[in-house]
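Values quoted throughout were computed directly from the atomic coordinates according to the rules given, and no laboratory measurement underlies them. Nothing here was measured: the structure is a model prediction, and the numbers come from that model. Cβ sites come from the backbone with ideal geometry, for glycine too, and all protein chains shown count toward neighbours.
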Ligand code: GDP
């Protein structure tokens with residue numbers, strides 16, 4: 001939850017009230033709260049992470065206030081709930097209205113809090129905040145402690161449904177990694193699955209899945225990691241439907257990879273990469289999954305160096321948007337080299353789950369922009385201000401800046417490639433979202 005608003009409306013006082021201790025510095029000088037302050041408050045028995053943002057000041061973005069506003073923007077992007085604080089005594093200012101308009105476009109839940117609304121006259125003044133178009137304002141006096149119980153219960157009502165209790169780290173390791181094994185007919189998928197299951201001899205499935213077709217098969221590796229092979233029912237039955245298999249395999253792959261975190265694309269190494277393999281790989285990218293290429297039938301390949309080279313080159317050329325896909329060569333038939341597959345899958349899953357701290361991201365971002373400035377669009381240079389990671393699985397980043405939505409594709413590709421290299425994110429899709437054309441402050445510089 002984020003607390004935002006103009007300077008001196010009482011954000012820090014309210015923050016302290018909610019947290020229940022003097023965690024932020026409070027002073028009468030506008031903008032004294034320079035940094036984001038974080039604390040955890042308990043509301044109706046739930047832990048709520050509270051972020052006090054300093055300044056959504058209306059000022060040239062080059063100033064300290066402008067930079068602080070940029071940091072509020074990123075906090076808002078990640079928030080479950082934004083408390084937008086206005087000063088009931090001062091009334092609604094143009095800056096409040098601007099910020100409200102911007103907030104409405106961010107698609108976050110917002111609760112308007114009219115602070116400094118002591119006594120009856122204060123409550124009346126607070127109603128002015130209705131005009132912001134963000135719903136009913138809650139009148140409080142953070143300083144006098146009035147209206148806080150109301151506020152807390154309004155907040156609690158707006159919190160997202162309670163997430164299941166955070167699991168301890170060991171349970172996280174025990175949570176099965178969802179794995180799909182896909183590929184063209186005869187690539188050796190069934191052989192691979194049987195090999196994986198046969199080698200481990202720890203099959204705990206099949207367990208009934210959602211439908212009769214989807215059966216979850218569990219697999220344990222020697223290090224105690226658990227995998228769930230999704231949608232392998234058809235493969236294990238090895239239905240002898242010889243019909244239009246070429247078409248079916250792609251359709252079946254889509255269903256399987258949507259359920260998976262990491263997808264093992266099984267390729268017949270004797271034949272090399274087919275167009276259809278690349279087509280499946282592109283689907284994996286589109287669905288945002290991690291991809292490991294399994295070069296199967298390695299025992300039958302005569303010139304291994306050439307085979308590997310051909311595959312990597314083809315991937316470089318045709319799958320630039322997932323640069324660095326791991327390629328593991330083995331023989332499902334003999335078992336040679338197969339022990340490298342699951343570790344590669346785990347490594348990729350870790351990358352897929354990566355979260356990069358905002359500070360490090362922005363250090364890189366500044367350098368990347370300096371090295372290769374954003375292009376002119378319609379005669380003016382795009383001003384990109386800030387980047388933050390919105391989510392993982394796959395890594396997804398949001399860039400804020402004036403007219404950021406106009407960023408040309410090749411520049412986006414440059415940023416993605418540089419990001420991938422800087423933070424070692426090979427082999428996973430990377431998503432970039434652009435925000436800020438709607439930001440009323442963005443183009444004021
Ligand atoms: P699927 O259609 O992808 O499930 O492929 P299968 O697992 O049924 O395998 C197709 C054919 O390739 C079978 O004849 C397998 O014996 C053979 N095969 C699978 N893996 C290997 C391997 O590693 N080496 C060799 N030489 N043949 C294999």
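Select from the stretch 177-199 the residues that are more than 8 Å from the ligand (Cβ to nearest atom) and out of contact with any helix residue (DSSP H, G or I) (no Cβ under 8 Å at 6 or more places or on another chain) and list them in ascending order. Once the filter is applied, which keeps residues that are more than 8 Å from the ligand (Cβ to nearest atom) and out of contact with any helix residue (DSSP H, G or I) (no Cβ under 8 Å at 6 or more places or on another chain), the stretch 177-199 yields 197, 198. The set of residues from the stretch 261-274 being in a loop (DSSP other than H, G, I, E, B) and in contact with a helix residue (DSSP H, G or I) (Cβ under 8 Å, 6 or more places away or on another chain) comprises 261, 269, 270, 272, 273.
Listed by position, the helices (runs of 4 or more DSSP H) contained in the stretch 275-361 that have at least 3 residues being more than 17 Å from residue 177 (Cβ to Cβ) are 275-286, 304-318.
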